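*Asks:* Pasting a structure here, questions to come.
Laboratory data are not the source of any read-out in this text; all were calculated from the coordinates shown. Here the structure is a predicted model, which is why all the values come from computation and not from measurement. Neighbour counts run over all protein chains shown; Cβ positions are idealised from the backbone, glycine included.
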Amino acid sequence: MSKVALITGITGQDGSYLAELLISKGYKVHGIVRRVALEDETHRLWRIRNILNDVTLHAGSLESYASLFNIILKIKPNEVYHLAAQSYVGYSFEDEFSTLNININGTHYLLSAVKEFVSSKIRFYFAGSSEMFGKVKESPQKENTPFNPRSSYGISKVTGFYLTKNYREAYNLHASSGLLFNHESPRRGFEFVTRKISNGVARIKKGLQKKIKLGNMKAKRDWGHAKDYVEAMWLMLQQDNPEDYVIGTGKEYSVEDFAKKAFSHVGLNYKDHIILDKNLIRPAEVDALLADYSKAKKNLNWEPKITFDELVANMVDEDLKAQN
Ligand code: GDD
């Protein structure tokens, strides 16, 4: 019999890739969406447009325990992937209240609903984040590196991580957290720096725009491709024992490196097109993140396949196509 998976955040970058992966593995895939009519396909559903016939969408909200409980009761999932969140760090400085509320309570409600079905042995994945390491205490970061978050977003993810750990330890849930470092793709939201750059490069190349405004270009991140990372989520739930895993590439590049590579991919010099905008500098910055993913490599046999250069080229090429 096919396994049943439930994905929160199915309309997002990771949710859409994960849904495709699970469909290819024969799962029946369900997703939770807020206030989206199916007629709204061109809007929030654009990332899952090609698989709309292969997934079942349920109206629900992380703000409502009852809606989550009812969906679980109805579909009886074998695996729940909790990806939905207010995921933009920059925005979390403007609206801490919503970020903390949705990310912490949403995770709590979902875990609590899953716990009511503990005898069904549902496996649970929580989308943790390298933002939990924040102003890092050691480099590279691994599973036991102390957390030191720098934003309400980071704090909300630390709390979600501990909620997940506590439900695992106290109620015997098969619950794991992936501490995912930055992961990008042509489906990345436009507010994140990589997509802002790849989209800007494509528009500049096509003569539609002249400059890109950026904030801190010295920030360093460990950037991978989202397609590789959803595979790691699935692998975590296939293990006999639920555990937490760092997922990254083990290579770090600055925002400037990303911009340089993206512009040179289309034969342009980034220095001619970037403007520093001090308003885009965050009140508290995470300067550098670098993953040590050796545990995932050992236990899950997971490794990233797509390189930084391939990632940048993929994003710029897709954005160029979108301008046509
Ligand atoms: N967004 C944005 N826009 N970031 C900029 C800009 C800009 O114009 N200019 C410089 N940056 C810098 C930010 O200050 C940050 O240091 C870095 O670029 C990356 O910013 P984002 O792409 O917004 O991602 P993030 O690292 O803050 O968070 C992402 O990765 C986390 C995992 O570490 C998000 O995907 C989070 O949801 C995720 O948990």
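*Asks:* Fewest Cβ neighbours within 10 Å first, please rank Arg221, Arg188 accordingly.
*Replies:* Listed from fewest to most nearby Cβ atoms, that is Arg188, Arg221.
*Asks:* Quote to one decimal, in nm, the extra length available between Lys278 and Glu116 on full extension: 0.36 nm per residue of separation minus the C-alpha distance between them.
*Replies:* 53.5 nm
*Asks:* Specify the angular offset, from 0 to 90 degrees and rounded to the nearest 10, of the alpha carbon long axis of helix 308-323 from the longest principal axis of the alpha carbons in the chain.
*Replies:* The helix 308-323 is inclined about 80 degrees to the chain.
*Asks:* Under a plain spin-label model, where a point goes 7 Å from the Cα along Cα-to-Cβ, how far apart in nm are Ala170 and Phe192?
*Replies:* Placing both labels 7 Å along Cα→Cβ, they lie 3.2 nm apart.
*Asks:* Let me ask another. Looking at the square roots a ≥ b ≥ c of the eigenvalues of the Cα gyration tensor of region 1-89, which shape do they give, rounded for a/c under 1.5, prolate if a/b is larger than b/c, or oblate?
*Replies:* rounded
*Asks:* Could you tell me how many degrees, from 0 to 90 and to the nearest 10, lie between the Cα long axis of helix 226-237 and the main elongation axis, the longest principal axis, of the Cα atoms of the chain?
*Replies:* It is inclined by approximately 20 degrees.
*Asks:* A further question follows. Restricting to Cα pairs below 8 Å that are 6+ residues apart, what does the relative contact order work out to for region 66-223? Please round to a whole percent.
*Replies:* Computed over region 66-223, the figure is 23 percent.
*Asks:* Output the pairs from Lys25/Lys165; Lys3/Lys76; Lys121/Lys295 with a Cα-Cα distance over 21 Å in this structure; if there are none, say none.
*Replies:* Pairs exceeding the cut-off: Lys25/Lys165; Lys121/Lys295.
*Asks:* Describe numerically, in nm with one decimal, the distance between label points set 7 Å from Cα along Cα→Cβ at Phe93 and at Leu52.
*Replies:* It is 3.8 nm.
*Asks:* By how many nm would the segment from Asn101 to Ala322 lengthen if fully extended, with 0.36 nm per residue of separation less the alpha-carbon distance?
*Replies:* 76.0 nm
*Asks:* Quick one: which of Lys28/Lys251; Lys157/Lys206; Lys135/Lys298; Lys196/Lys251; Lys115/Lys137 span more than 32 angstrom between C-alpha atoms?
*Replies:* In this structure, Lys28/Lys251; Lys157/Lys206; Lys115/Lys137 lie more than 32 Å apart at Cα.
*Asks:* Ok, one more. For Met315, Met1, which order do you get if you count the other beta carbons within 10 Å of each Cβ and list the fewest first?
*Replies:* Met1, Met315
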